[in-house]
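Note sheet for the following structure.
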Amino acid sequence: MKKTTISQNDAETIMIALDQVSQTIDVMTIVIDRLKLRVNASLNGNTQTEQVHSEKAPAASQLTLSLKSDAIH
């Protein structure tokens, strides 16, 4: 297997991209969980909109703000 070298700038860019992907996955997981709860509530005949509180909810707003403010490389 050929050994390759990555410059410092490339490594930093890769780490930033991986961090952004990780944050996006976290946010999408929360969105999917909320959608599942709503669909499940609809299937059970619950017509009232439920306020969903999860342990990840505060992190979701922080992640969303972070994703909006970070530059995409």
Across the stretch 13-47, what is the number of residues that are polar (S, T, N, Q) and in contact with a Ser or Thr (Cβ under 7 Å, 6 or more places away or on another chain)?
1
Return the pair list, or none, for Cβ contacts closer than 6 Å from residues in the stretch 1-30 that are free of Cβ contacts under 8 Å to residues at least 60 places away in the same chain to residues that are surrounded by 12 or more Cβ atoms within 10 Å (Cβ to Cβ) and part of a loop (DSSP other than H, G, I, E, B), at least 6 apart or on different chains.
I30/K56
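In the set T47, T4, T24, which member is modelled with pLDDT of 95 or more, out of contact with any Phe, Trp or Tyr (no Cβ under 7 Å at 6 or more places or on another chain) and of a type in the set (S, T, N, Q)?
It is T24.
The values are calculated or read from the model by the stated rules, or taken from the named source; none is laboratory data. Please read all numbers here as calculations on a predicted model, not as lab measurements. With ideal geometry, Cβ positions are generated from the backbone for all residues, glycine too; neighbour counts draw on all protein chains shown.
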